[in-house]
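*Asks:* I am attaching a structure below and will ask some questions about it afterwards.
Readers should treat all values here as calculations from the given coordinates under stated rules, not as data from a laboratory. This structure is a prediction, so every number in the text was calculated from the model and none was measured. Cβ atoms come from the backbone with ideal geometry, glycine included; neighbour counts cover every protein chain shown.
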Amino acid sequence: MKSLSNVPAAALPPPRSKVLDARAALHAAVRGRLSFDDLDRLSYARDMWPLAQLWIRQGRVPAPPDAVVWPGTDEEVAQVIALARTRRLAVIPYGSGSGVCGGTWALEGGVTLDLKRFDTIGEVDAAHRSVVVGAGVLGETLERRLNARGWTLGHFPSSIATSTVGGWLAARSAGQFSSKYGKIEDMVLSARVVLGTGERLETPERPFSGPDLLPLLVGSEGTLCAFTSARLRVFPFPKGRVFHGFEFGSVEQGLEAIRLLFREGLRPAVVRLYDPFDTAFVGKGGAHQPVTPPSLRSALQTSLMPALMRQVTKHTLGRPGVMNQLQRAFSRTRLILMFEGEPARAEAEDRSATGICRQLGGDDLGEAPGRTWFKKRYDVSYRMSRLLESGTFADTMEIAAPWERVLQVYQRVHEAASKFAFVLCHFSHAYADGCSLYFSFVGSADSEQDMEARYHQLWRSALAAAVSAGGNVSHHHGVGILKARALQDSLGEGRHALRAVKTVFDPDGVMNPGKLGL
Ligand SMILES: Cc1cc2nc3c(=O)[nH]c(=O)nc-3n(C[C@H](O)[C@H](O)[C@H](O)COP(=O)(O)OP(=O)(O)OC[C@H]3O[C@@H](n4cnc5c(N)ncnc54)[C@H](O)[C@@H]3O)c2cc1C
């Protein structure tokens, strides 16, 4: 609650009367597990979207629900949704609130549906290599349980300790090892959901005949259904890991190395290429003792921000052009690879990858860069407020593009965003078809109002540049409110089809209004 301490009580509007009127019926639907308390409403008024931090600092409440409910069965969820339809109340499915795009903001008030009581983890079906898991299970709890039985999910988002299976499915999550194990949509075999109609649905187990509804629901961010459980694929816990680092003369060479690795059929669990400034800023030390960050957020906290704070003033960040110009002085890019699985196979894959990287002029840095990354891969910071206190904002933008357009997307977004913030990028989550680009932005302005205006300008320009250069608007953080307009624009005629799907699955528009632009 510390981060909400700036918010004066008067900033929280009282619950809407139509929700108060539904109190007895809600109480009956979830057997008394509901709250209209100010503290609960404040806590659920936001997620980890940096804009929320900015607002809270200004004493503004982002978007509080009128009530919070904690159902424990599919039937209870169905009853809440049926009630919401009759009384025209918004329902906002909620996992753990670690989303970074405003996906859980209660834009029209209503009822936040916290699904954390769906917390069961079934026995692993060893023959099928799968496990049935409740939507409210936290990632770390699941992974620890699987590891103790000799299995892994292979899904390691940096937010693993604070995100749920339902949130992953709703926002198309990707973990750090996605290049081998896939994104969450590749791991889910079937799911149980309650639709916005109030109907309960279990998608068929594979293999099956006819159309598959599951891909339509994954990524729907609470606008079509609430996930209550899912059958997920599991893998034997890897017996061996091989790490390797390389340095290239340019981003282009590094990207070409990754593209060739995947074209040759190699599947490293980890592939991360840091752009020159990212490499220069955080990859300090000798080739064998680099300090390479696992993600922007950890970088900001553990090395990048302190380094930035020492080396540049707030004034300089307010004129990011100066800092971004400096980047021209750097060209070396660092690539980190990690293969895992059966030791002999991982080593053989690493040998093939080494051949490709050397052929493209990569300098071999040995295993140290990868090992260091692995050790620090969860050094994640949630203390964005510290950055705000220093008069700075920071955010990340993760998008994806096919191989033939990755470089162009990188250059255009970099150029567009550089007018408003200091920009770094790394490339990760690679596939045979393309890869994701993970931009980090740090900016500043003279006042908090100017900061918010600059923040919005930055996002508008960066997303427009990404789409015009042939990229998409999100790889794994979802869309929420932040990217809703950009998503709708990028869908073209497809937005009518999406609207039609919404009408069928959520005829009264009660499910998470305003997200995905729906
Ligand atoms: C420090 C940090 C690091 C992060 N790193 C990663 C990363 O490496 N990879 C990654 O993918 N993401 C990452 N994220 C983003 C975030 O963790 C993911 O978006 C995650 O999937 C959200 O899960 P959650 O349970 O917290 O969902 P929430 O934030 O509660 O909700 C996210 C969206 O999903 C909907 N939703 C939640 N649960 C359900 C459900 N059961 N049924 C239907 N809809 C539901 C919500 O309505 C909302 O629209 C990071 C976030 C932070 C703060």
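*Asks:* Could you tell me which numbered condition residue 192 fails, if it satisfies all but one of (1) closer than 30 Å to residue 88 by Cα; (2) within 19 Å of the chain's Cα centre (by Cα); (3) surrounded by fewer than 22 Cβ atoms within 10 Å (Cβ to Cβ)?
*Replies:* (2)
*Asks:* Something else about it: Quick check, is residue 414 assigned to a helix (DSSP H, G or I) and either out of contact with any Lys or Arg (no Cβ under 8 Å at 6 or more places or on another chain) or farther than 26 Å from residue 226 by Cβ (or both)?
*Replies:* yes
*Asks:* Among the residues of the stretch 200-213, which ones are over 19 Å from residue 129 (Cα atoms), free of Cβ contacts under 8 Å to residues at least 40 places away in the same chain and surrounded by 11 or more Cβ atoms within 10 Å (Cβ to Cβ)?
*Replies:* If the condition is that a residue be over 19 Å from residue 129 (Cα atoms), free of Cβ contacts under 8 Å to residues at least 40 places away in the same chain and surrounded by 11 or more Cβ atoms within 10 Å (Cβ to Cβ), then 201, 202, 212, 213 are the ones that fit.
*Asks:* Does the stretch 445-456 include one or more residues that are crowded, with 24+ Cβ neighbours inside 10 Å, over 20 Å from residue 225 (Cα atoms) and more than 16 Å from the ligand (Cβ to nearest atom)?
*Replies:* no
*Asks:* Let me ask something else. Would you confirm whether or not the stretch 464-483 contains a residue that is free of Cβ contacts under 8 Å to residues at least 40 places away in the same chain and farther than 18 Å from residue 105 by Cβ?
*Replies:* Yes, that holds for at least one residue.
*Asks:* Taking the criterion of being crowded, with 16+ Cβ neighbours inside 10 Å, touching a helix residue (DSSP H, G or I) at 6+ places or on another chain (Cβ under 9 Å) and charged (D, E, K, R), would at least one residue in the stretch 13-28 satisfy it?
*Replies:* No, the stretch 13-28 contains no residue that is crowded, with 16+ Cβ neighbours inside 10 Å, touching a helix residue (DSSP H, G or I) at 6+ places or on another chain (Cβ under 9 Å) and charged (D, E, K, R).
*Asks:* While we're looking at this one, here's another question. In the stretch 457-469, which residues are surrounded by fewer than 24 Cβ atoms within 10 Å (Cβ to Cβ) and within 27 Å of residue 247 (Cα to Cα)?
*Replies:* Within the stretch 457-469, just 469 meets the criteria.
*Asks:* Conditions first: (1) in contact with a Leu (Cβ under 8 Å, 6 or more places away or on another chain); (2) in a loop (DSSP other than H, G, I, E, B); (3) within 16 Å of the ligand (Cβ to nearest atom). Residue 420 passes all but one, so which condition is the exception?
*Replies:* Condition (3) is where residue 420 drops out.
*Asks:* Also, quick follow-up: What about residue 468, is it under 30 Å from residue 263 (Cα atoms), of a type in the set (S, T, N, Q) and in contact with a strand residue (DSSP E or B) (Cβ under 6 Å, 6 or more places away or on another chain)?
*Replies:* So residue 468 does not fit the description; no.
Okay, residues lined up against (1) under 27 Å from the mean Cα position of the chain (by Cα); (2) over 21 Å from residue 83 (Cα atoms); (3) within 16 Å of the ligand (Cβ to nearest atom); (4) part of a loop (DSSP other than H, G, I, E, B):
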position: 209; (1), (2), (3), (4): no, yes, no, yes
position: 212; (1), (2), (3), (4): yes, yes, no, yes
position: 216; (1), (2), (3), (4): yes, yes, yes, no
position: 219; (1), (2), (3), (4): yes, yes, yes, yes
position: 226; (1), (2), (3), (4): yes, no, yes, no
position: 230; (1), (2), (3), (4): yes, yes, yes, no
position: 245; (1), (2), (3), (4): yes, yes, no, no
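*Asks:* Can you tell me how many residues within the stretch 197-230 are within 20 Å of residue 72 (Cβ to Cβ) and in contact with a strand residue (DSSP E or B) (Cβ under 7 Å, 6 or more places away or on another chain)?
*Replies:* 10
*Asks:* If you go through the stretch 470-500, how many residues are surrounded by fewer than 16 Cβ atoms within 10 Å (Cβ to Cβ) and in a helix (DSSP H, G or I)?
*Replies:* 7
*Asks:* Then there is this: Considering only the stretch 91-104, how many residues are surrounded by 24 or more Cβ atoms within 10 Å (Cβ to Cβ) and either β-branched (Val, Ile, Thr) or away from the ligand (no atom under 11 Å from the Cβ) (or both)?
*Replies:* Qualifying residue count, the stretch 91-104: 3.
*Asks:* Here is a follow-up. Test each condition in (1) aliphatic (A, V, I, L, M); (2) over 25 Å from residue 439 (Cβ atoms); (3) not in a helix (DSSP H, G or I) for residue 271 and report the one that comes out false.
*Replies:* (2)
*Asks:* Do any residues in the stretch 149-177 that are over 21 Å from residue 426 (Cβ atoms) have Cβ atoms under 8 Å from those of residues that are part of a helix (DSSP H, G or I) and within 7 Å of the ligand (Cβ to nearest atom), where the two are at least six apart or on different chains, and which pairs are they?
*Replies:* Within 8 Å, no pair qualifies.
*Asks:* Given the conditions (1) in contact (Cβ under 8 Å) with a residue 24 or more places away in the chain; (2) more than 19 Å from the chain's Cα centre (by Cα); (3) more than 10 Å from the ligand (Cβ to nearest atom), which single one is not true for residue 134?
*Replies:* (3)
*Asks:* Still on this structure: Let me spell it out: the conditions are (1) within 12 Å of the ligand (Cβ to nearest atom); (2) of a type outside the set (Ser, Thr, Tyr); (3) touching a strand residue (DSSP E or B) at 6+ places or on another chain (Cβ under 8 Å), and residue 143 meets all of them except one. Which number is the exception?
*Replies:* Among (1) within 12 Å of the ligand (Cβ to nearest atom); (2) of a type outside the set (Ser, Thr, Tyr); (3) touching a strand residue (DSSP E or B) at 6+ places or on another chain (Cβ under 8 Å), the lone unmet condition for residue 143 is (1).
*Asks:* In the stretch 161-186, which residues are within 12 Å of the ligand (Cβ to nearest atom), touching a Phe, Trp or Tyr at 6+ places or on another chain (Cβ under 7 Å) and assigned to a helix (DSSP H, G or I)?
*Replies:* Within the stretch 161-186, 166, 169, 170, 184 meet the criteria.
*Asks:* Give the residues of the stretch 105-128 that are under 23 Å from residue 473 (Cβ atoms) and either near the ligand (Cβ under 8 Å from one of its atoms) or surrounded by fewer than 17 Cβ atoms within 10 Å (Cβ to Cβ) (or both), sorted by residue number.
*Replies:* Result: 107, single match.
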